[in-house]
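Report on the following structure.
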Amino acid sequence: MTVVLDTIRLRLHDIAHGRSGDKGNRSNISVIPYAETAYSLLLEQITEERVLEHFAHKGASAVARYELPNLPALNFVIDDALEGGVNSTLNLDLHGKTLSFMLLDLPVEVPLDQIEEFTLGRRTA
């Protein structure tokens, strides 16, 4: 018997925050859930394939996901997402610092009975 929970589609930023950096033409984005209990949802839904698809329009060629369960957090290394890197592009975001916001726009399915718990640490102002 399979039990299907009712879910709601939210943006990743509703349940997690992020940090980003860069080195050359490689972006590094960390995703940290507000609630530790949301980590398993991130593992399930924020895959290398989804992140690569999300950054395809920027020319991303590969994504590696690193799981950090003791934090809990995920770290993504995205190749070729900076249009050549800081010294080779006319991109307004030369260092890729805002790419975490782009990743946090990714939709996620959150069980209705866990919304309050998963968004507990979210800033509303």
Hey, among the residues in region 7-28 that are charged (D, E, K, R) and open to solvent by 50 Å² or more (accessible area, probe 1.4 Å), which one's modelled with the lowest pLDDT?
LYS23
Using the structure shown, decide if TYR34 is in contact with a Gly (Cβ under 8 Å, 6 or more places away or on another chain), of a type in the set (Phe, Trp, Tyr) and either in contact (Cβ under 8 Å) with a residue 40 or more places away in the chain or buried (at least 17 other Cβ atoms within 10 Å of the Cβ) (or both).
yes
Does region 37-48 include one or more residues that are among the acidic types (Asp, Glu), at pLDDT below 95 and open to solvent by 30 Å² or more (accessible area, probe 1.4 Å)?
no
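Can you tell me which residue among VAL31, VAL51, VAL4 is modelled with pLDDT under 95 and either aliphatic (A, V, I, L, M) or within 13 Å of PHE76 (Cα to Cα) (or both)?
On the way: VAL31 fails: modelled with pLDDT under 95; VAL51 fails: modelled with pLDDT under 95.
Going through VAL31, VAL51, VAL4 in turn, the sole match is VAL4.
Where in region 1-75 are the strands (runs of 3 or more DSSP E), entirely inside, with at least 1 residues that are more than 16 Å from LEU104 (Cα to Cα) and of a type outside the set (Val, Ile, Thr)?
Details: elements: 7-11, 16-23, 26-33, 62-68.
It comes to 16-23, 26-33, 62-68.
Can you name every residue in region 2-31 that is on the phi > 0 side of the Ramachandran plot and without any contact (Cβ under 8 Å) to a residue 12 or more places away in the chain?
Matches in region 2-31: none.
The values are calculated or read from the model by the stated rules, or taken from the named source; none is laboratory data. None of these values were measured; they are calculated from a predicted model. Reconstructed Cβ throughout: ideal geometry from the backbone, glycine too, with neighbour counts over all protein chains shown. Heavy atoms of the whole protein, side chains included, go into the accessibility calculation; ligands, DNA and RNA do not. Shrake-Rupley method; radii C 1.70, N 1.55, O 1.52, S 1.80 Å.
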